[in-house]
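Below: the structure, in structure tokens.
The values are calculated or read from the model by the stated rules, or taken from the named source; none is laboratory data. Predicted model only: the values in this text are computed from it and were never measured. Ideal geometry is used to build each Cβ from the backbone, glycine not excepted, and the neighbour counts take in all protein chains shown. Just the protein is used for accessible areas: all its heavy atoms, side chains included, with ligands, DNA and RNA removed. Shrake-Rupley method; radii C 1.70, N 1.55, O 1.52, S 1.80 Å.
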Amino acid sequence: MTLALLFPGQGVQHAQMLPWLEAESSAAAVLAVMAAQIGDAWRARLADDAWASDNRVAQPLITGVSLAAWAALAPQLPSPGVVAGYSVGELAAGAAAGLYDAPAALRLAQQRADLMSRCAGAEPAGLLSVSGVGATSIEPLCVRFALTVAIRTGMDRCVLGGPRVSLAAITPELVACGGELTPLRVRVASHTPSMTSAAEAFAALIAPQSWPRSRCVMACNLDGAGRRDPTALKSALARQIDHTVEWNRCLDTVAERQPRCVLEVGPGTSLARMWAAVQPDVPVRSVDEFQSAGAVVAWVRHVLDDRSPG
């Protein structure tokens, strides 16, 4: 096994992300499809946080930028042996695994975002990242404040989802437990039971679509399991919308495939940092750390050549 790919979710978009992307001719087609959805001035509008964090913008934006980056890199790199996507990043991971093409992934991202936004209702909701508080403390607090663990990222790290008033109310309790808290730039309670109608509608949307068997293993948010069967992958992609994302288990599945190099494909470095924390002996970087596609390719090739057997 050689290369593993990680695709980020929404909330990591920023105005300076992937500054080399528009200069890559092989990324142009994907960027054009994305721009048709969210507007040609998407780069300039990233400075407007209200626009950039809107669910109907953020999901196609992250999907499009990530897949445009992969379009620029894929012809020059080996095919991945395993992929994983964080939250909406699973759509980009599915495209990289060959389930559908980039335009189809962008359509799915737009449809997913629309369904989730309609499901959210009028009450403001969101996500809160928590570190330094174990599950034995988190679980009773979630019951008390009517919140849900939306994403598990480690033994004492998770993301809570629910109404913003409840997230505000639980904050002093988590601080008293020694927690470090970061509100995420997401306006819906993703991966909680409040999204059930969106998950069901998304499942119905993708059920009749014809997807091939994936070209590589995809570590699924639903339970961390590696899958290649398209029917099983459809079910997992839909169900993660209203179920907890088991990201720590996804990383375990990626590690079991024994990659020699891990690349985060998209904005930010959060997934690369999570990988480095649990697998420090396997090199990892994000494409957002580089100033050109060529530099990304050179790093990956250097790592794979340096770590090749014999």
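Brief remarks follow.
- Hey, Gly154 surrounded by fewer than 22 Cβ atoms within 10 Å (Cβ to Cβ) and touching a Gly at 6+ places or on another chain (Cβ under 6 Å) or not: no
- The lone criterion from (1) farther than 27 Å from Ala58 by Cα; (2) part of a strand (DSSP E or B) left unmet by Val262 is number (1).
- Considering residues of the range 125-146 that are touching a strand residue (DSSP E or B) at 6+ places or on another chain (Cβ under 7 Å) and in contact (Cβ under 8 Å) with a residue 40 or more places away in the chain only, the residue surrounded by the most Cβ atoms within 10 Å (Cβ to Cβ): Leu127
- Subset tally (residues that are surrounded by fewer than 19 Cβ atoms within 10 Å (Cβ to Cβ) and among the small types (Gly, Ala, Ser)) for the range 208-224: 1
- Where a residue in the range 225-238 is at negative phi and open to solvent by 40 Å² or more (accessible area, probe 1.4 Å) and its partner, wherever it lies, is part of a loop (DSSP other than H, G, I, E, B) and among the aromatic types (Phe, Trp, Tyr), with Cβ under 9 Å and at least six apart: Thr231/Trp211
- Condition check for Asp48 on (1) at pLDDT below 95; (2) in contact with a Gly (Cβ under 9 Å, 6 or more places away or on another chain): one failure, at (2).
- Subset of the range 74-93 (residues that are under 12 Å from Glu264 (Cα atoms) and in a helix (DSSP H, G or I)): Gly89, Ala92, Ala93
- Candidates Ala84, Ala93, Ala97, filtered to the one that is within 15 Å of Ala219 (Cβ to Cβ) and in contact with an Asp or Glu (Cβ under 9 Å, 6 or more places away or on another chain): Ala84
- Residue list for the range 217-246, filter: in a loop (DSSP other than H, G, I, E, B) and either in contact with a strand residue (DSSP E or B) (Cβ under 6 Å, 6 or more places away or on another chain) or charged (D, E, K, R) (or both): Cys220, Asn221, Asp223, Gly224, Arg228, Asp229, Asp242, Thr244
- Screening the range 1-56 for helices (runs of 4 or more DSSP H) wholly inside it with 3 or more residues that are more than 19 Å from the chain's Cα centre (by Cα) and in contact (Cβ under 8 Å) with a residue 40 or more places away in the chain returns the ranges 28-38.
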